[in-house]
Amino acid sequence: MHPQELELLHRYLDDRLEPADIEPLQSLLRDSAEARRILRDLATVDGKLTELAIRSAAPVLSGETLASQEIPSPPLIHEPSIADRKRSRSAWRPLSGIALGLLIGAACSSVAWAYAVPRLLESSPKVTSLLLESFENKTAPEVTGLPSQIDQWSGDFSQLALADNGVLPASGSQMLRMLRADHEGKANPEGSYCGDLFRIVDLRPYRDAIARGKGVAELSVQLNAAVFPEQDQYRGSIAMHAITEEFLRELSPISRGDLTSSALAMGRQTCPQLDRDPATWQRIDCTLKVPAEADFLLIHIGIFHNPKFQNRVEFSGHYIDDIRLTMTQQ
């Protein structure tokens with residue numbers, strides 16, 4: 001996340017949002033899984049501090065004592081008036097989509113906190129991990145292009161790698177190195193320039209949640225490259241295709257044209273140009289609201305020459321690691 005985005009979250013938690021901040025905050029939380037996670041973490045910390053403060057103050061001032069005593073200045077606990085609460089609710093009404101929580105006052109010795117805690121924390125969505133891949137096994141993906149089996153990696157020529165060309169794995173001890181932009185039996189491989197990796201993920205265990213229209217899939221992938229010539233340019237992309245069991249049964253083997261014409265829904269994200277720093281991994285995120293009829297997700301990860309007229313089928317040192325796929329049930 002950019003520093004200005006983090007500052008926006010902090011202003012929200014500190015009750016310092018300006019009217020002009022409302023729409024950017026809504027867009028940020030709607031579009032960024034990372035922003036939602038950070039907001040939950042920060043608000044949880046605030047809640048723990050609040051709880052600690054209340055517990056620390058409890059032996060000194062009970063609720064009845066606070067109701068009857070005049071609190072010295074500076075006040076240990078600030079309780080907003082009814083008028084204040086009404087004004088607060090009116091001021092924050094445009095953010096009802098984010099569901100603001102109540103204003104919580106707390107005291108502890110010489111410290112006081114007052115934060116607006118999102119109501120989403122009171123009923124957090126259920127997040128299920130569907131896939132966590134850092135290529136620690138001993139079996140490299142199949143090199144047969146688009147997959148024919150569920151829960152199995154396939155795609156273009158690749159190999160498992162330890163530290164390689166100055167690149168360390170993003171997590172674990174291994175990563176996947178993309179070797180070529182073609183695969184066994186590929187028709188007309190001449191001119192290929194995109195190295196692809198695919199996997200079909202089974203969604204049927206989550207059919208009930210998806211059928212209620214509450215399933216959101218979130219995919220993140222880390223990409224890296226060894227130093228390559230200045231005149232070369234590379235990009236990465238990830239995509240998710242929501243497909244049915246009937247689609248797999250009737251259109252096996254799958255073709256690119258089949259995906260384009262018959263997928264229920266698709267989400268795709270392309271990263272900026274890959275940098276030439278082997279020490280940095282670049283992350284791509286993609287989100288897809290899963291249609292109620294979906295039985296599977298076909299995920300696609302690609303590294304490609306940009307522009308494509310470079311038309312080199314081999315990759316000198318390009319890597320994929322730390323693939324994460326989750327299903328959020330709202």
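With N denoting the number of residues in region 126-329, provide Rg(C-alpha) divided by 2.2 N^0.38 Å, to two decimal places.
For region 126-329, the normalised Cα radius of gyration comes out at 1.00.
Which semi-axes, in whole Å and largest first, does the equivalent ellipsoid of region 154-274 have when worked out from the alpha carbon gyration tensor as the square roots of 5 times its eigenvalues?
Three semi-axes, in Å: 30, 20, 14.
What is the count of Lys pairs in region 126-329 whose alpha carbons sit under 28 Å apart, if the two are 8 or more places apart or on different chains?
For region 126-329, the number of qualifying lysine pairs is 5.
So what are the ³J(HN,Hα) numbers for region 16-21, from phi and the Karplus equation (6.51, -1.76, 1.60; θ = phi - 60°), rounded to whole Hz, Gly and Pro as x?
Karplus-based 3J(HN,Hα) across region 16-21 equals 10, 5, 8, x, 6, 7 Hz.
May I ask you to evaluate 6.51 cos²θ - 1.76 cosθ + 1.60, the Karplus curve with θ = phi - 60°, for each residue of region 132-139 and list the ³J(HN,Hα) values in order in whole Hz, giving x for glycine and proline?
Rounded to whole hertz, the list is 9, 10, 10, 6, 8, 6, 9, 10.
Loop-only GluC sites (Glu not before Pro) in region 167-259, please: DSSP not H, G, I, E or B, and at most 12 other Cβ atoms within 10 Å.
Those satisfying the criteria are E184, E190, E230.
Tell me which trypsin sites (Lys or Arg not before Pro) from region 1-30 have a DSSP coil assignment and no more than 16 other beta carbons within 10 Å of their own.
Answer in residue order: R16.
When a/c is below 1.5 the answer is rounded, else prolate if a/b is larger than b/c, else oblate, so apply that to region 3-49 with a ≥ b ≥ c taken from the square roots of the Cα gyration tensor eigenvalues.
Oblate is the answer for region 3-49, as a/c is 1.5 or above yet b/c matches or exceeds a/b.
Please report, to one decimal in angstroms, the Kirkwood hydrodynamic radius of region 236-330 built from all distinct Cα-Cα pairs.
It is 15.5 Å.
In whole Hz, what ³J(HN,Hα) sequence does region 318-330 give by Karplus (6.51, -1.76, 1.60; θ = phi - 60°), x for Gly and Pro?
10, 9, 10, 7, 6, 8, 10, 10, 10, 10, 9, 9, 5
What accessible area per residue, rounded to a whole number of Å², is obtained for region 219-330 using a probe radius of 1.4 Å?
44
Please list, by residue number, every one of the trypsin sites (Lys or Arg not before Pro) in region 219-285 that is coil in DSSP and has at most 14 other beta-carbon atoms within 10 Å.
Those satisfying the criteria are R276.
What number, in percent, do you get for the relative contact order of region 126-329 if the mean sequence gap of Cα pairs under 8 Å and at least 6 apart is divided by its residue count?
RCO, region 126-329: 35 percent.
For region 148-201, build the charge dipole from Cβ charges (+1 Lys, Arg; -1 Asp, Glu) around the Cα centre, then report which of G172, A161, Q149 sits farthest towards its positive end.
Result: G172, furthest along the dipole toward the positive end.
The values are calculated or read from the model by the stated rules, or taken from the named source; none is laboratory data. Note that the coordinates shown come from a computational prediction; the quantities given were computed from them, not determined experimentally. As a convention, Cβ positions derive from the backbone with ideal geometry for all residues, glycine included, and neighbour counts pool all protein chains shown. Side chains included, ligands, DNA and RNA excluded: accessible areas come from the protein's heavy atoms. Shrake-Rupley method; radii C 1.70, N 1.55, O 1.52, S 1.80 Å.
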